[in-house]
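Report on one structure; see the data block that follows.
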Amino acid sequence: MIPPGAPIVTAARMRAAEEALFRREPQLDVMERAGAAVTGAVARFARSSPILVLAGPGNNGGDAYAAARLLKAAGHDVAVAACGEPGTPAARAMLERWGGDVGALYQARPRPVLVDGLFGTGLTRPLERGIAPVLAELVAAARFSLAIDLPSGLATDSGADLGAPRGIGATLALGALKPAHLLDAGLERCGQVLLADIGIPVESDWRTVARPKLTAPGPRAHKYSRGLVVVVEGDMPGAARLAAHAAMAGGAGYTILACRDEGSGGPDALVRHRIANGDDLADFLTEKRIGGILIGPGLGRDRRAEGLLKAALNADLPLILDGDALTLLGKSAAAWLQRRTAATWLTPHAGEFGRMFEGNGDKIVQTIAAASESRTTIIHKGADTVIATPRGEARVLARASSWLSTAGTGDVLAGTLAAQVAAGNKDAAETAVWLHARAAALAGPAFIADALPMHLSQAISECL
Ligand SMILES: NC(=O)C1=CN([C@@H]2O[C@H](COP(=O)(O)OP(=O)(O)OC[C@H]3O[C@@H](n4cnc5c(N)ncnc54)[C@H](OP(=O)(O)O)[C@@H]3O)[C@@H](O)[C@H]2O)[C@@H](O)CC1
Ligand SMILES: [K+]
């Protein structure tokens, strides 16, 4: 499990935090704490098995030498192998404190427990071709392996694969999480992510998604105070119905489906309101009690869809845009959305995001830039979901149930979000993402999207 509510920092931010601390405290004391944290984590898994510690040329290697010494002092059978001489004063000092033999990485013999201290946040380029296969073999041959701070071969700020091995059992993040623990290849390469507090004060506007705190409706609550959600139906009515169902199960007091004809299906508590076209919708959206409009699931991309979208964009009401609404906006998204007077949320997957915004940089940075440019809150969906607000805050949820990769689950997320928006939850996006992931976990394997809303009640109850 990824630690919830934990700060996430880039390599540069981590270095700045470390340097600020070193003005008050000797660097070697901090490195000793890092070594002790690694020792504690390894000792839990190693029991009496022989341990191979790999040490690189930088401070990641310094942590490794410190851990090797502490593990040996605790009675473990420890061998150390290094790639290159230590290149920093702290790593040199820790090598001296180790005082034992150091073999060459290329000649290292596999041992049941492996500690990867080759490279951490200082990795600047892909692993040399000679290093990556040796590391991969040693990891594959070990019964358990732990990476210090990061698996060697992951780009700290993006999680891109620069030659990281597969099969690391656990990664002990030092001081704070880095984007690589949550994004891209890091999702599969870190194993279990553990976080050690080694006394480095870290400030960040980026955090992992945490369980929200919700309150039950008060004694005077009524359907409007709980939140009125309007879901706009398009070409594929099932998608809008699914979203509407999620809005209801996600706590909305009143949910109205703005639909072409009366139709049928869906819960009886769902109210239907006939809307022929964009003009009709614009009239309907003068109802000031509406707390959130959701448009996009199954909307279609024809002229009628464009008219409906325009009416929704022009309404002075909180708006959630999903699916086809995002594709219809395309590259003019920011221009349209900047003009809105009420708050807007977008829920794109990677393809929809790319159709609206330029995709340069790491996922967190890209999403924050898009949120700021469009003045919206964006839930950039994926196995690594990034939420960004126009104020530059980011929340990341990694490793939600992989069974979410089925049709309709995005509609359920959009509906859950609409309920939170209509209820006036200022952390609506983070709450919806947490509830959605929790509902998926409760639904177990191979669920269908229709089943997800049924688990929202249990998920909500865990937040009260
Ligand atoms: N400061 C502290 O006291 C604390 C630090 N901590 C620990 O320090 C880690 C960061 O340390 P770090 O900045 O020294 O970087 P690190 O990851 O060890 O590697 C840098 C070396 O690798 C080299 N190199 C880079 N890429 C390469 C490649 N592809 N192939 C080959 N070589 C490559 C690079 O060479 P260069 O790029 O200069 O040529 C340089 O020599 C952090 O993750 C945490 O574990 C924490 O314990 C807290 C206390
Ligand atoms: K490492």
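Counting each DSSP H run of 4 or more residues in the chain as -39500 (n - 2.57), what helix-only mean residue ellipticity at 222 nm follows after dividing by all residues, to the nearest 500 deg cm²/dmol? If you can, show how the numbers build up before the last one.
Working: 17 runs with 176 residues, N = 464.
Taken over the chain, the calculation gives -11500 deg cm²/dmol.
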Solvent accessible area, Å² - Ile198, 1.4 Å probe, full protein context: 10
Degrees between helix 428-443 axis and first principal axis of the chain (Cα, 0 to 90, nearest 10): 80
Two-decimal ratio, segment 1-129, of alpha-carbon radius of gyration to 2.2 N^0.38 Å: 1.06
Mean separation of Cα contacts under 8 Å, 6 or more apart, over the residue count of the chain: relative contact order %: 13
Alpha-carbon centroids, segment 206-264 and segment 77-143: separation in whole Å: 53
Heavy-atom accessible area order for Ser372, Ser204, largest first, 1.4 Å probe: Ser372, Ser204
Principal-axis tilt of helix 11-22 within the chain, Cα atoms, nearest 10 degrees: 60
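Provide the three semi-axes, in whole Å and in decreasing order, of the ellipsoid equivalent to segment 97-216 as defined by the square roots of 5 times the Cα gyration tensor eigenvalues.
Square roots of five times the eigenvalues give 29, 16, 14 Å.
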Principal axis box of the chain, alpha-carbon based, largest edge first, Å: 80, 40, 39
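Percent antiparallel among DSSP beta bridges with both residues in the chain, to the nearest 5? Intermediate values should be presented prior to the final figure.
Numbers: 10 of 60 bridges.
Once the DSSP bridges in the chain are tallied, antiparallel ones form about 15 percent.
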Rg/Rh for segment 190-318, where both radii come from Cα atoms and Rh is the Kirkwood radius: 1.14
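Pop out the carbon and sulfur fraction of the accessible area of the chain as a percent, whole number, probe 1.4 Å.
50
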Modelled label reach - Ala141, point 7 Å along Cα→Cβ, segment 42-61 residues with backbone N closer than 15 Å: 50-54
Folded to 0 to 90 degrees: helix 363-374 orientation relative to the chain principal axis, Cα: 30
Computed Kirkwood radius, in angstrom, where 1/r is averaged over Cα pairs of segment 223-461: 17.2
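For the chain, with every protein chain kept in place, what is the accessible area per residue (1.4 Å probe, Å²)?
Numbers: 19400 Å² over 464 residues.
In whole numbers, the chain has 42 Å² accessible per residue.
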Long pairs among Lys213/Lys310; Lys223/Lys426; Lys331/Lys363, criterion Cα-Cα beyond 30 Å: Lys213/Lys310
Distance between segment 270-291 and segment 43-67 - C-alpha centres, whole angstrom: 63
Sequence ranges 116-129, 11-24, ranked by mean other-Cβ count within 10 angstrom, highest first: 116-129, 11-24
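On a full-extension model of 0.36 nm per residue, what is the gain between Glu462 and Ser405, subtracting their alpha-carbon distance, rounded to one decimal in nm? Could the numbers behind the result be given before it?
On the way: separation 57, 0.36 × 57 = 20.52 nm, distance 2.40 nm.
Length gained between Glu462 and Ser405: 18.1 nm.
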Extreme residue, positive dipole direction of the chain, given options Ile148, Ser332, Gly103 (C-beta unit charges): Ile148
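Do you know the relative contact order of segment 223-461, to the nearest whole percent, from alpha carbon pairs under 8 angstrom that are 6+ apart? Could the numbers behind the result be given before it?
Details: 530 pairs, mean separation 49.7, N = 239.
About 21 percent, as a whole number.
The values are calculated or read from the model by the stated rules, or taken from the named source; none is laboratory data. Not measured: the values here are computed from a predicted model. Note that we place each Cβ from the backbone using ideal geometry, even for glycine, and neighbour counts take in every protein chain shown. Keep in mind that these areas ignore ligands, DNA and RNA; they rest on the heavy atoms of the full protein, side chains included. Shrake-Rupley method; radii C 1.70, N 1.55, O 1.52, S 1.80 Å.
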